[in-house]
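The values are calculated or read from the model by the stated rules, or taken from the named source; none is laboratory data. Keep in mind that what you see is a predicted model, and the values were worked out from it rather than measured. Cβ coordinates were reconstructed from backbone atoms using ideal geometry, including for glycine residues, and neighbour counts include every protein chain displayed. Just so you know, the surface numbers come from the protein's heavy atoms only, side chains and all, with ligands and any DNA or RNA stripped out. Shrake-Rupley method; radii C 1.70, N 1.55, O 1.52, S 1.80 Å.
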Amino acid sequence: MSQRIKIKALLQTTPAEQEVNVKGWVRTFRNNQFIALNDGSTNNNIQIVVDFQNTDEALLKRITTGAALSVTGVLVASLGKGQAVDVKATHIEILGDSDPEKYPLQPKKHSLEFLREIAHLRFRTNTFGAVFRVRNSLSFAVHQFFQERGFVYLHTPVITASDAEGAGEAFKVTNLDLDKLPRTESGEIDYKQDFFGRATNLTVSGQLEGELGAMALSDIYTFGPTFRAENSNTTRHLAEFWMIEPEMAFYDLDDNMDLAEALLKYVISYALEHNREDIEFLTQRLLEEEKSKPQQERSELNLLEKLQFCLDNDFERLTYTQAIDILKDSTPNKKKKFQYLIEGWGADLQSEHERYLVEKHFKKPVILTDYPKDIKAFYMRQNETDANGRDTVRAMDILFPGIGEIVGGSQREERLDKLEQRMSEMGIPTEELWWYLDTRRFGACPHAGFGLGFERLVLFVTGMGNIRDVIPFPRFPKNAEF
């Protein structure tokens, strides 16, 4: 029996009349003679040529769209257009039937909304095959980038008692009987009777635990699932998503920016090299989609050009204060075209402002630094109050075309007195984070880190418009299907 060869490899093989075995799912079967077979290794199908006059009619009837086949045959030069080789079948085995009356993925164009309803089958389409192969490559490239630089991959907990952002949008974890919750004398839920003896939740970030690792191992990174119970039904939000969070001892903000820019360029470059075919397919898909849009809404760059644009340009670095001045004087702000008008310093930047800076003003990726203290998290290193009495922190956000913020990070506050003072101002109990504060008590050093939302990265590299289409099984308000 011939060993199975994946279709991607088979299509690159020179025909030499050798016997091959290929397995996959039927995309189409026409004229009782030509099967387009796909196994997910590439969007391209291998054509199976069937000798229908010498094939059992009952078997031919079972070769339907979606059926799984094992085909043994001879690899020959193709007589048709579009592929170099065909497999001339000598033996066809049906591994799994597919009822054509019930199979929802017929050979026609399906909307992304419809495919979300059948997310368990959407991997079988060309669009999602390309998206998830690109996602796989980006994931591998992230690990390769950090491993080449001597980082330690640290698994931070999924269940935690801390809310790193202090935003209170965490999913609670409990094994208490919800119909008979134990109560204290004051009527509150008695978490001492819960599994962990205290209130716990799913993690919103591995950062705080990551800092603990960095204080001994120097350079660490986490790459795992995070959860936000934010009732947000946008194309940019998920309740469960993956985060890449490196933490580096002895780094300042400039080192942090250098690393984040290098990571983004590395993984985009890796995907362009290893998934060129998929990205070209997704580029064409996007161009077709944009034909129905008015000219002013179409992208100036196609997907391939946009990715190359990020590799070819050094990211523009400027402070939040400089950005506010640019936005305040911008035409869309003066003409009241922004949904959120910029009236002055201290405004929290929205996606429309971030995209204006990247796409219209600088025409390159942008890194904003030194944000107002009041709109950032407690753990960010505080700058000295400036001449205008403004308090800022050593924060940095990286903004990308079409997407806005893709990375958020900072130099961390290593001074115990400053950190405790800030936590007190924000009502964060220091006794609950005693372990975090210990890293400032024993051998504190300057350190920095950032978070990169993995799905935002996949969204950018694939050109997809909705974040629910770049994670296999999206979790969002009122939906936990599959």
Query raised in the report: Suppose R0 equals 51 Å; then what is the FRET efficiency for residue 338 and residue 34 from their Cβ-Cβ distance, rounded to the nearest 0.05?
Result: 0.40
Query raised in the report: Can you list the residues, at least 5 places off or on another chain, whose amide H is less than 5 Å from the amide H of residue 28, using H built in the peptide plane?
Result: 36
**Report entry** Cα-based convex hull, the range 412-482, per residue volume (Å³, whole number)
**Finding:** 178 Å³
Report task. Just round it to a whole percent: the fraction of Cα-Cα distances in the range 228-319 exceeding 15 Å. Result -> 74 percent
Query raised in the report: Cα centroid distance between the range 348-402 and the range 409-432, in Å?
Result: 20 Å
Query raised in the report: Full extension from residue 93 to residue 152: what is 0.36 nm times the residue separation minus their Cα-Cα distance, to one decimal in nm?
Result: 16.5 nm
**Report entry** ³J(HN,Hα), Karplus 6.51/-1.76/1.60, whole Hz, each residue of the range 28-36, x for Gly, Pro
**Finding:** 9, 9, 10, 6, 6, 9, 10, 9, 9
Query raised in the report: According to the square roots a ≥ b ≥ c of the eigenvalues of the Cα gyration tensor, what is the shape class of the range 185-250, taking rounded for a/c under 1.5, prolate for a/b larger than b/c otherwise, and oblate for the remainder?
Result: oblate
Query raised in the report: Going by alpha carbons, how many degrees (0 to 90, nearest 10) lie between the helix axis of 276-290 and the longest principal axis of the chain?
Result: 80 degrees
Report summary line: Any trypsin sites (Lys or Arg not before Pro) in the range 385-442 that lie in a DSSP loop and have at most 16 other Cβ atoms within 10 Å would be 390, 415
**Report entry** Rg [Å, one decimal], Dmax [Å, integer] - the range 248-387, C-alpha atoms
**Finding:** 18.0, 54
Requested in this report: Starting from the Cα of residue 418, draw a straight line to each of the lysines and keep only those under 17 Å, dropping any in the same chain fewer than 8 residues away.
Outcome: 373, 376
Query raised in the report: For residue 412, which sequence-distant residues (separation of 5 or more, or a different chain) have an amide H within less than 5 Å of its own amide H, given hydrogens modelled in the peptide plane?
Result: 381, 447, 448, 449
Report summary line: Using alpha carbon centers only, the range 272-300 is separated from the range 175-197 by a whole-angstrom value of 53 Å
Query - Equivalent-ellipsoid semi-axes of the range 158-292, from the Cα gyration tensor, Å, largest first - result: 39, 24, 12
Query raised in the report: So what's the gap between the Cα centers of the range 1-72 and the range 86-152, to the nearest angstrom?
Result: 17 Å
Query raised in the report: What is the ratio of the Cα radius of gyration of the chain to 2.2 N^0.38 Å, where N is its residue count, to two decimals?
Result: 1.17
Query raised in the report: Please identify the GluC sites (Glu not before Pro) of the range 91-168 that satisfy two criteria: DSSP loop assignment and at most 14 other Cβ atoms within 10 Å. Which are they?
Result: 101
Requested in this report: Keeping the other protein chains in place, figure out the carbon and sulfur percent of the accessible area of the chain, with a 1.4 Å probe.
Outcome: 48 percent
Query raised in the report: Where only protein heavy atoms count, and the probe is 1.4 Å, what is the accessible area per residue for the range 205-264 in Å²?
Result: 33 Å²
Requested in this report: Tell me the GluC sites (Glu not before Pro) within the range 173-226 that lie in a loop according to DSSP and have at most 11 other beta-carbon atoms within 10 Å.
Outcome: 185, 188
Query raised in the report: In sequence order, what are the phi-derived ³J(HN,Hα) couplings for the range 122-135 according to the Karplus relation 6.51 cos²θ - 1.76 cosθ + 1.60 with θ = phi - 60°, rounded to whole Hz, with x for glycine and proline?
Result: 5, 4, 7, 8, 4, 4, 6, x, 5, 4, 7, 6, 5, 4
Query raised in the report: Plugging the Kirkwood radius over Cα pairs into Stokes-Einstein for the range 1-130, at a temperature of 4 °C and a viscosity of 1.567 mPa s, what D comes out in µm²/s?
Result: 86 µm²/s
Query raised in the report: Of 6/81; 108/291; 23/265; 306/328; 336/360; 108/293, which ones are farther than 25 Å apart at the Cα?
Result: 23/265; 306/328
